[in-house]
Structures are given as C-alpha cells and as structure tokens.
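The values are calculated or read from the model by the stated rules, or taken from the named source; none is laboratory data. Predicted model, so just to flag it, every value in this text is computed and none were measured. All Cβ positions, glycine included, derive from the backbone under ideal geometry; neighbour counts span all protein chains shown.
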Amino acid sequence: MKEKILEVNHLMFAYDRNHQTLKDISIAIYQQEKIAVLGANGAGKTTFFLNLNGVREPTSGEIRYRGELIDRKNINKLRRNVGIVFQDADSQIIASTVKAEVAFGPMNMKLPRAEVEEKTMAAIREMNLEDYTARPPHYLSGGEKKRVSIADILAMDSEIMIFDEPTASLDPVNAQVLEEILDKIEEKGKTILLSTHDVDFAYRFAKRILVFCDGQLIGDGTAQEIFEDEDLLKKANLKKPVFMELYDLLKDRGKIKETTEYPKKISDFALLL
C-alpha cells in the first residue's frame, strides 16, 4: 500500500456568501499517484488545486499533509511541498531571467546559496533550458515558458506537483514533450495531479481520475471505471476517449479480440488484432 501524503476532509470553499465553489470534498492522495482531474469549466478544479497548495484557505473542513493538520501557522509546509504550474505561464513568471525565475523558489525557502545554485541548475538541465538561463522568460514561446514554470517547482523539489491545464495552448509536438516530462517526474517518485479537458490525454496518462461537477466530487476511480460510466460522463459533460470508442466498435464487429482492459496505445491494438 502506497503512503498517504495528502488528506482532504469535508473541504468547503466559497469566494462569496452566495455561492459555494467547493462542496464537501473528501479525498486521500498517495505517493507517486498519477491523477487527472476532469470537469467542465466552473466545476471547481482550479479552486480545488489552490486549496491544496495553500493559495486559498478552506471555508471549512481540513487538509492534512503527512498526517499533520494544516493551519495558518504551518501553511508554508503545504506551499513548499505542493507545487503548482498554472495554465497561463505568464501569470506565474516574475523574474527578469530564466535562471532568476527558477532560483526564486529555493531562495524563498532560505536555503544556503550553494544549495540554491545546485537545485536551480539541476531543474534547468532537467527542462533543457541551459541555453536560456540569461534570457527574459516573458519573451520565450508558450512551450518554453511552460518548461520554465515546471522548472520552478522542480527546483523546489515539491513532493506533489499540480498542473492546471498543462497542454492548453501547446502545439502537438510540445504537448508530446510535456507528456514525456510528466513521465520523468513520475519516475522521480513524485505525485502528479493535472486538470485537463482532453479526455484522450487523461485516459493515456492517469491511473486515477477525479471528476468534478458544480463544486462536487462526483467520480473517483481508474480511467476505465470512469469512462465506462455513461451516466457519470453525461452528468459531467464528458465523452469517452477515442481509443475506447474504437475498441468497442471493432469488438462489436468481431474484428478484435476481447480483453478485460481497454487498449491505451496503438501498440496495444496491434497485440489484439
């Protein structure tokens, strides 16, 4: 059994008195999980993320990090260990050079200068940004800015890494590069949560899927469990991934061998044909 890292109990959050944005969310997140968070715009995904990393404070309920109840006195523990990459990289980037941007987090953690340098350059190398260290990040391309934003949280060595719509505005090549980066992050033992509207990406990537609708968590299961639930998909305004629809079509026509698990890659289909 993997170790529980983050626990949310009866989380409620409201931006104003007239509308509850998050409604009684309870969930446990474990070490090295790959979780996709799905739901329509306004379902509460981003607000949920902002509560998880301490940018927002719950109206009621509790968040525990490794068993410790998080409150205003120890909120920085949550912020150090739960990093977030926002959908709009420009809203996250603040420094005048790429190196200064990546070093910002470790410096704020008041680490020794040598350790700041070591963590900064390791993250820059990981994201293949060595040739960009002295360049102003605001003038980089969308894909390059995304890599800088990821380097930001890599340098802080966050245990949980959150990505809010990571493939938004990326072309297909850079989206593929991002998927490869996410795989490398998982190999380092990190826990990854990401929100996306791309159900095909979520199906390929996630071992667990959370579904939000109108501020409520209405689905929590494996990718296959979630995407086989027609009623859930309809309620959340989601659709089946293309590979699942293609498999069902070929199976119904007797063109493919039946299996207990849906294929996720072309190579999986090749084995069944």
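Tell me which residues, restricted to the stretch 142-179, are of a type outside the set (A, V, I, L, M, F, W, C), outside any helix (DSSP H, G or I) and surrounded by 17 or more Cβ atoms within 10 Å (Cβ to Cβ). Write out each step before concluding.
Within the stretch 142-179, the subset of a type outside the set (A, V, I, L, M, F, W, C) is 142-147, 149, 152, 157-159, 164-167, 169, 171-172, 174, 176, 179.
With the extra rule that they be outside any helix (DSSP H, G or I), the set shrinks to 157-159, 164-167, 169, 171.
Within the stretch 142-179, Asp157, Ser158, Glu159, Asp164, Glu165, Pro166, Thr167 qualify.
Whenever a residue of the stretch 181-208 is in a loop (DSSP other than H, G, I, E, B), its partners that are small (Gly, Ala, Ser) and buried (at least 17 other Cβ atoms within 10 Å of the Cβ), lying with C-beta atoms within less than 7 angstrom and at least six residues away or across chains, give the pairs Thr196/Ala36; Thr196/Ala202; Ala206/Ala36; Ala206/Ala223. For the condition of a type in the set (A, V, I, L, M, F, W, C) and in contact with a Leu (Cβ under 8 Å, 6 or more places away or on another chain), what is the one hit in Phe205, Phe243, Phe201? The conditions single out Phe205. Within the stretch 97-117, does at least one residue satisfy the condition of being modelled with pLDDT of 90 or more, under 18 Å from the mean Cα position of the chain (by Cα) and of a type outside the set (S, T, N, Q)? Within the stretch 97-117, none of the residues are modelled with pLDDT of 90 or more, under 18 Å from the mean Cα position of the chain (by Cα) and of a type outside the set (S, T, N, Q).
For Asp231, the conditions (1) under 30 Å from Asn53 (Cβ atoms); (2) modelled with pLDDT of 95 or more; (3) assigned to a helix (DSSP H, G or I) all hold with the exception of (1). Residues in the stretch 56-69 that are modelled with pLDDT under 95 and either within 14 Å of the chain's Cα centre (by Cα) or buried (at least 16 other Cβ atoms within 10 Å of the Cβ) (or both): Arg56, Pro58.
Being at pLDDT below 95 and closer than 23 Å to Asn41 by Cα: is that true of Phe212 here? Answer is no for this residue. Residues in the stretch 256-270: is at least one touching a strand residue (DSSP E or B) at 6+ places or on another chain (Cβ under 7 Å), part of a helix (DSSP H, G or I) and surrounded by 15 or more Cβ atoms within 10 Å (Cβ to Cβ)? Looking through the stretch 256-270, none of the residues is touching a strand residue (DSSP E or B) at 6+ places or on another chain (Cβ under 7 Å), part of a helix (DSSP H, G or I) and surrounded by 15 or more Cβ atoms within 10 Å (Cβ to Cβ).
Conditions tested, residue by residue: (1) in contact with a helix residue (DSSP H, G or I) (Cβ under 7 Å, 6 or more places away or on another chain); (2) under 24 Å from Leu182 (Cβ atoms); (3) in the same structural domain as Ile192 (by TED's automatic domain parsing); (4) aliphatic (A, V, I, L, M).
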position: Tyr15; (1), (2), (3), (4): no, no, yes, no
position: Gln20; (1), (2), (3), (4): no, no, yes, no
position: Asp24; (1), (2), (3), (4): no, no, yes, no
position: Ile29; (1), (2), (3), (4): no, yes, yes, yes
position: Lys34; (1), (2), (3), (4): yes, yes, yes, no
position: Gly39; (1), (2), (3), (4): yes, yes, yes, no
position: Gly42; (1), (2), (3), (4): no, no, yes, no
position: Thr47; (1), (2), (3), (4): no, yes, yes, no
position: Val55; (1), (2), (3), (4): no, yes, yes, yes
